[in-house]
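Here the structure comes first, spelled out in structure tokens, and everything after it is commentary.
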2 protein chains.
Amino acid sequence: MLPDLKIQQLRYVLTVVDERGFHAAARHLHRTQPALSMAVKELEQRLGQRLFEKGGKAELTPFGNYCLPRFRELVTQHDRLGRDIVARVDKRAGHIDMAAVPSVASRLMPTLLADFIALYPNLKVSLHDGNADYVRGLVAAGEVDLGLTSLWQEDEEFSFEGLIRDAVGVVCRDDHPFATRTELRWQELQGQPLIRNGTSRLLDNTAAEPLLAQSAFYISNMISLTAMLVAGIGVTTLPRLAFPEEYERLRFIPLTRPHVEREIGLLKPSRRSLSPAAQAMEAFITAQLVR
Amino acid sequence: MLPDLKIQQLRYVLTVVDERGFHAAARHLHRTQPALSMAVKELEQRLGQRLFEKGGKAELTPFGNYCLPRFRELVTQHDRLGRDIVARVDKRAGHIDMAAVPSVASRLMPTLLADFIALYPNLKVSLHDGNADYVRGLVAAGEVDLGLTSLWQEDEEFSFEGLIRDAVGVVCRDDHPFATRTELRWQELQGQPLIRNGTSRLLDNTAAEPLLAQSAFYISNMISLTAMLVAGIGVTTLPRLAFPEEYERLRFIPLTRPHVEREIGLLKPSRRSLSPAAQAMEAFITAQLVR
DNA sequence: GGCCATTGGTAAGAGAAGCTTATCGTTTCT
DNA sequence: AGAAACGATAAGCTTCTCTTACCAATGGCC
């Protein structure tokens, strides 16, 4: 119905006017003068009106004067859009929504994000934290681009790339008999007042599972859990990364036989692809954590 | 530096999304499906990011979702500009600035403009009136598109197309001896109290010129002139078109030997060209007045 | 479970568009 | 009057874009 105005043709017209001549414009655009003559002529023919006066001079007709500012506006917006998109592609703009389990969020992310932002100063990052199910849910719903968590079952919907292994151990107060040990076996937990927590299900389907049955407490909140440990109410199991090192009276003793560990990695949707910014984050995290 | 986004490619992307598929979009655009596939692929390669997910489905990536509204905005503005310009070319928008000598402005233009506007309901017309020099000045300065006037000397700067011939005659009161005559010779004006007016210079360089020398009065204003004629102070000469027919007591008697007439026509700049709207007006006026 | 329709992607060739070189006719400045 | 600069034009080549024909994957549907 209406003919496509090509951005290039409009740009030619603008340049001819700005440079006050076809030759100067051609030099400026790295084209030859006939290229501009013909392009302008083609445009004029399609519009059904001349833009430049015929008398050999590069002067606009009244119609050309009407068109010029409108052409300029469209070309300007085109160029702005181009720059905008290139900035995204080049990771000089954009934002990343992430989610991580609390231990990762508090222990790994601070320096990770600081280093990332040093590399991509104009990217914005949002970080949500919650338990592994919550992280998985956010990734599944597309509410975040990437998740840092451990994954139980493989799922077609996700792509999971393991990054760091995190061994489970016992946490107790410094005056507990275990406190001076450098490692423990699961059997030794027999009869201990064991407090379960959010990470305890890492022990599901392992030799350690029966031990959890004895446990009288389940505490999901980390602050409450450490308070109970500091109070000497009992001991708990935690992955090393989740062990709060800032509590002077608490000790972490690795458990062996069997060795139980969680694998923390990058969770992303397998069907959807990532925004350029998220791609940068993915590459950065895997480069940082794979060693 | 930054690659030209072609409007057509962007439109393809929008259509694929809107029609939810390459085939449907191709049908809609009267293209074949591979044309769209390849155009989209080319665009993606130039941006360095995919717009559509790879899985055989026409689903946008996050990057595509970012781009889509921006593409749509640019295409919308492009289309608006296209319609806008086509409306001008088709004379469905625009305005014309005109100037005419008073006789033409008051006697010819009213019906002329009414008929013109009936034909082009959306065009706007401004009409200035003044003496022939004023009209010529406005056209020369480019302050009006067209002038309706008479021209003395030919000029490279203007193109003048004569349209109607307007004979000069004597105007007197109905009780004047001339009032019953059907024509007069210049010699008969000898000894008459002759009032000069703005049109008198039409008689320069004619046999009638010596007669003007006797004249005691020069009145430029038409209202004043007619008042003097009605008062019986004297007689004057006017072109027929300038004779105010609404005064019952005034009579117009054509002068002969020599026959003196002015030629009224369309004055336009010869160097500049006309806006589409002014072209329509020019064509209309010449069609109406040439017979 | 296998068939068929529909999806998008790929390859090769035809056609259109755009660019360059070479040349011409005007205008303008010296 | 001559030279230089301007824009227009013509012919040939390159590049892009579209079409035809075919392939691979997916999704219903008996």
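The values are calculated or read from the model by the stated rules, or taken from the named source; none is laboratory data. Here the structure is a predicted model, which means the values were calculated and not measured. Virtual Cβ from ideal backbone geometry, glycine too; neighbours counted across all protein chains shown. When the accessible area is computed, the model is the full protein with side chains, heavy atoms only, and any ligands, DNA or RNA have been set aside. Shrake-Rupley method; radii C 1.70, N 1.55, O 1.52, S 1.80 Å.
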Region B:7-89, dipole about Cα centre (Lys/Arg Cβ +1, Asp/Glu Cβ -1), debye to the nearest 20:
100 debye
Between residue B:185 and residue A:20, what is the FRET efficiency for a Förster distance of 56 Å, r being their Cβ-Cβ separation, to the nearest 0.05?
0.40
Can you pull the Kirkwood radius for region B:51-180, inverse mean 1/r over Cα pairs, to one decimal in Å?
19.9 Å
What residue among B:103, B:126, B:280 has its Cα farthest toward the positive end of the dipole of the protein assembly as shown, where the charges are +1 on Lys, Arg and -1 on Asp, Glu, each on the Cβ?
B:280
Over region A:164-262, with every protein chain in place, what whole percent of the accessible area is carbon and sulfur at 1.4 Å, could you tell me?
51 percent
How large is ³J(HN,Hα) for each residue in region A:241-249, as worked out from phi by the Karplus curve 6.51 cos²θ - 1.76 cosθ + 1.60 (θ = phi - 60°), to whole Hz, x for Gly and Pro?
5, 8, 6, x, 5, 6, 8, 5, 8
Could you give each residue of region B:102-111 its phi-based ³J(HN,Hα) in whole Hz, using Karplus coefficients 6.51, -1.76, 1.60 with θ = phi - 60°, and x for Gly or Pro?
x, 4, 5, 4, 8, 9, 9, 5, x, 6
Distances in nm from residue A:161 to the matching label points in the other copies, shortest first (labels 7 Å along Cα to Cβ):
7.3
Rounded to the nearest 100 Å², what is the sum over both chains of accessible area buried where B meets A, with a probe of 1.4 Å?
3300 Å²
Set the Förster distance to 35 Å, then compute FRET efficiency between residue A:118 and residue A:263 from the Cβ-Cβ distance, nearest 0.05.
0.80
Quick one: the Cα spread of chain B along its three principal axes, in angstroms, biggest first?
104, 37, 30
With Cα springs under 10 Å, the Gaussian network model of chain B assigns the largest mean-square fluctuation among B:20, B:136, B:107 to B:20
How far apart are the residue A:201 label points across copies, placing each 7 Å from Cα toward Cβ, in nm, shortest first?
10.2
Semi-axis lengths, Å, the protein assembly as shown, gyration tensor of Cα atoms, sqrt of 5 times eigenvalues:
95, 24, 19
Length-normalised contact order of region B:7-89 in % [C-alpha pairs under 8 Å, at least 6 apart]:
29 percent
Expected max-MSF residue from B:135, B:101, B:40 in the GNM of chain B (alpha carbon, under 10 Å) is B:40
Excluding ligands, DNA and RNA, what is the solvent-accessible area per residue of chain B at a probe of 1.4 Å, expressed in Å²?
50 Å²
Give me the one-decimal nm value for the distance between modelled label points at residue A:154 and residue B:143, 7 Å along each residue's Cα-to-Cβ direction.
8.5 nm
Hey, could you get me the Stokes-Einstein D for region B:132-230, Kirkwood radius over alpha-carbon pairs, 37 °C and 0.692 mPa s, rounded to whole µm² s⁻¹?
206 µm²/s
Distances from residue A:20 to the same residue in each other copy, label points 7 Å out along Cα→Cβ, in nm, shortest first?
5.8
Angle check, please: helix A:276-289 long axis (alpha carbons) against the longest principal axis of chain A (alpha carbons), in degrees 0 to 90, nearest 10.
40 degrees
For residue A:218 and residue A:286, what does the FRET efficiency come to when R0 = 22 Å and r is the distance between their Cβ atoms, rounded to the nearest 0.05?
0.05
In terms of Cα to Cα distance under 21 Å, which lysines are near enough to residue A:57, apart from those fewer than 8 places away along the same chain?
A:41, B:268
Just to confirm the filter: which trypsin sites (Lys or Arg not before Pro) across region B:28-80 are DSSP coil and have at most 13 other Cβ within 10 angstrom of their Cβ?
B:54, B:57
Take chain A, connect every pair of alpha-carbon atoms lying under 10 Å apart with a spring to form a Gaussian network, then pick out the residue of A:234, A:169, A:191 with the largest mean-square fluctuation.
A:191
Cα centroid of region B:102-126 to Cα centroid of region B:32-89, whole Å:
46 Å
